[in-house]
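Everything below concerns the one structure shown next.
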């Protein structure tokens, strides 16, 4: 994904564009650039690297004007370079464009334009669109018509912002598969962005573009239509973002901030939804859907990355509490495997951003096959939230760090509530519900206690971060916890880590264990406890260093593991919510010990909005 910001108003655009890009840098940080129209016409500044590098460049080579667009890039087509950085311009250097998405037929369009004499200066698919708009503009002299005609020619996904030197009071935005919104600062002053975070503290309300829509922004207001020029009504929605919520405050990194926000975040997720005294659970997003829920015969969960791991935990929860057969699929694989969607299938899309391209594609696939689709997302007003039949918001607040922490725990918490919500319509007794919900209400406090382990996790991280190969082992519902812990370590520290069901270790991966290899074992008390002790014995006998996450230490654990991390005890089905926290801290401090930027790990972006 990439970050897009556009500004039209009466203020000087560059400082506002840079401010917006800083709030979007988690979307990509391979290169950055801006285009501004002012007294000197259209001026471009682009560079490789972070937004701070662009800020330095603009300071050294100032530009000014009240209309501009800017971009921070995650490279897809073309390596990170100044030539491939956005904005891209047409051959006449009249039109500038920033783009998030992929133009799938770019090669054919490039060939066609080259045959007409167009000279390209980059490897990107985006320049093809800029040049195509430029060709139409050279013929008609009308910017809006030129953008419309060009967009009719392209195949793929896009969120774009376009400006033209000849029309210094017009900013055009259009969307197909990539998020985009237009915020109103005040009448005559507008911001375009790919994420509400760029509008925080400036625009209290915005128009969220839908697929196939185009916004023409002028000082007179916003004109909204389809790409085919069919008028669309303009509806503003409140932006639930404040600068305080997206700034670091007392923390050094967003990942650390968001790990420590988890107790309060989960209180927000649970607030108004869970009451253990009355054994009542209220999910407002499902209110109009309540009667249908008792008729579903099967559940299909799908997501990517940490959302997929949350889905794996959800599988255990739903089968245990609701007694519904449940399957979990990677979104990226689901749409390509001819999924068999039976009558009575409830499909649940899980995504922090609500914009994940693979999950959106899977959503469309299962819907066409007759499934009813729910969404579990964090971002209000996101595409998945809009396109599902119903759903539940996480309400964990903005998550800026690329490695998901509080959103992952929010997803598991929502799936816990949903499992009870489904189960009470089938077989769960009032007492069982009350007991489970009481344990769920205690989780934020348990996480607060777990966060006190940070110094111990820092010590362990610095002790072992020089080792390049790790194993993470878990059984039952904590097998996905092991997968998530391994993913966190890989994402931010670049250490190779593999998550496994503990019993599967001896079916091949045990060959990897050598003297001193770190092996993280989630050994919280449940029916698998004695079995996982045996797995720890196998690791120890081959020279591995066991790092045990436990909630009730005993002599056996102390004998098998030199590094014992004790977390609060909770209901076994909820143990991943607590056991995941020390693994997050371990990954965070391992990255710091290796001198890495935990918030901007190489090659990654917060959400993947292209396939």
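The values are calculated or read from the model by the stated rules, or taken from the named source; none is laboratory data. This structure is a prediction, so every number in the text was calculated from the model and none was measured. Backbone-built Cβ (ideal geometry, glycine too); neighbour counts: all protein chains shown.
Among the numbered conditions (1) surrounded by 19 or more Cβ atoms within 10 Å (Cβ to Cβ); (2) touching a helix residue (DSSP H, G or I) at 6+ places or on another chain (Cβ under 7 Å), tell me where residue 526 comes up short.
(1)
Considering only strands (runs of 3 or more DSSP E) fully contained in the range 1-93, which possess at least 3 residues that are surrounded by fewer than 20 Cβ atoms within 10 Å (Cβ to Cβ)?
Numbers: elements: 3-8, 31-38, 41-48, 67-73.
Filter on the range 1-93 gives 41-48.
Looking at this structure, is residue 375 on the phi > 0 side of the Ramachandran plot, outside any helix (DSSP H, G or I) and buried (at least 21 other Cβ atoms within 10 Å of the Cβ)?
Working: on the phi > 0 side of the Ramachandran plot: no; outside any helix (DSSP H, G or I): yes; buried (at least 21 other Cβ atoms within 10 Å of the Cβ): yes.
Judged against the criteria, residue 375 is not a match.
If a residue counts only when it is free of Cβ contacts under 8 Å to residues at least 12 places away in the same chain and under 22 Å from residue 420 (Cα atoms), which helices (runs of 4 or more DSSP H) contained entirely in the range 283-354 have at least 1 such residues? Step through it out loud before you land on a result.
Values: elements: 290-293, 306-321, 331-334.
The qualifying helices (runs of 4 or more DSSP H) are 290-293, 306-321.
Give the residue that is nearest to residue 440 (Cα to Cα), with candidates limited to residues of the range 552-570 that are in a loop (DSSP other than H, G, I, E, B) and modelled with pLDDT of 95 or more.
Filtering the range 552-570 for residues in a loop (DSSP other than H, G, I, E, B) gives 552-554, 561-562, 567-570.
With modelled with pLDDT of 95 or more added as a condition, the list becomes 567-570.
On the way: 567: 16, 568: 13, 569: 12, 570: 9 Å.
The extreme case among them is 570.
Out of (1) closer than 18 Å to residue 576 by Cβ; (2) surrounded by fewer than 24 Cβ atoms within 10 Å (Cβ to Cβ); (3) in contact with a helix residue (DSSP H, G or I) (Cβ under 8 Å, 6 or more places away or on another chain), the odd one out for residue 319 is which?
Failed condition: (3).
Residues are listed down the side, and each one gets a yes or a no for (1) modelled with pLDDT of 95 or more; (2) in contact with a helix residue (DSSP H, G or I) (Cβ under 6 Å, 6 or more places away or on another chain):
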site	(1), (2)
151	yes, no
161	yes, no
166	yes, no
180	no, no
185	no, no
235	no, no
238	no, no
241	no, yes
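Hey, can you tell me all the residues within the range 155-167 that are within 19 Å of residue 86 (Cα to Cα) and either out of contact with any strand residue (DSSP E or B) (no Cβ under 6 Å at 6 or more places or on another chain) or touching a residue at least 60 places away in the same chain (Cβ under 8 Å) (or both)?
Pass one, the range 155-167, residues within 19 Å of residue 86 (Cα to Cα): 156-165.
Correct list: 157, 159, 160, 161, 162, 163, 164, 165.
Do we find that residue 103 is at pLDDT 95 or above, in contact with a strand residue (DSSP E or B) (Cβ under 7 Å, 6 or more places away or on another chain) and either under 30 Å from residue 9 (Cβ atoms) or crowded, with 24+ Cβ neighbours inside 10 Å (or both) in this structure? Working first, answer last.
Values: at pLDDT 95 or above: no; in contact with a strand residue (DSSP E or B) (Cβ under 7 Å, 6 or more places away or on another chain): yes; either under 30 Å from residue 9 (Cβ atoms) or crowded, with 24+ Cβ neighbours inside 10 Å (or both): yes.
No; evaluated as a whole, the condition is false for this residue.
When the residues of the range 168-186 are narrowed to those that are within 13 Å of residue 236 (Cα to Cα) and in contact (Cβ under 8 Å) with a residue 12 or more places away in the chain, which ends up nearest to the chain's Cα centre (by Cα)? Step through it out loud before you land on a result.
So the first thing to find is which residues in the range 168-186 are within 13 Å of residue 236 (Cα to Cα), and the list is 181-186.
From what is left, the residues that are in contact (Cβ under 8 Å) with a residue 12 or more places away in the chain are 181-185.
Numbers: 181: 17, 182: 21, 183: 22, 184: 25, 185: 26 Å.
Filtering first and then ranking leaves 181.
What pairs can you find where one residue is in the range 195-212 and outside the structural domain of residue 23 (by TED's automatic domain parsing), the other is in a loop (DSSP other than H, G, I, E, B) and surrounded by fewer than 22 Cβ atoms within 10 Å (Cβ to Cβ), and their Cβ atoms are less than 9 Å apart, with a gap of 6+ or different chains?
Sorted first by the residue in the range 195-212, then by its partner, the list stays empty.
Give 504, 491 a once-over and let me know the one that is surrounded by fewer than 17 Cβ atoms within 10 Å (Cβ to Cβ) and closer than 22 Å to residue 576 by Cα.
Details: 491 fails: surrounded by fewer than 17 Cβ atoms within 10 Å (Cβ to Cβ).
After applying the criteria, what remains is 504.
What's the number of the only condition in (1) surrounded by fewer than 20 Cβ atoms within 10 Å (Cβ to Cβ); (2) more than 25 Å from residue 604 (Cβ to Cβ) that residue 467 fails to meet?
So the condition that residue 467 fails would be (2).
Okay, residues lined up against (1) within 22 Å of residue 20 (Cα to Cα); (2) surrounded by fewer than 22 Cβ atoms within 10 Å (Cβ to Cβ):
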residue: 139; (1), (2): no, yes
residue: 142; (1), (2): no, yes
residue: 149; (1), (2): no, yes
residue: 168; (1), (2): yes, yes
residue: 172; (1), (2): yes, no
residue: 182; (1), (2): yes, no
residue: 190; (1), (2): yes, no
residue: 194; (1), (2): yes, no
residue: 197; (1), (2): yes, no
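Might you check whether a residue that is surrounded by 15 or more Cβ atoms within 10 Å (Cβ to Cβ), in a loop (DSSP other than H, G, I, E, B) and under 21 Å from the mean Cα position of the chain (by Cα) occurs anywhere in the range 212-228?
no
Take the conditions on the phi < 0 side of the Ramachandran plot and crowded, with 21+ Cβ neighbours inside 10 Å and apply them to residue 368. Does it pass?
On the way: on the phi < 0 side of the Ramachandran plot: yes; crowded, with 21+ Cβ neighbours inside 10 Å: no.
The answer is no for residue 368.
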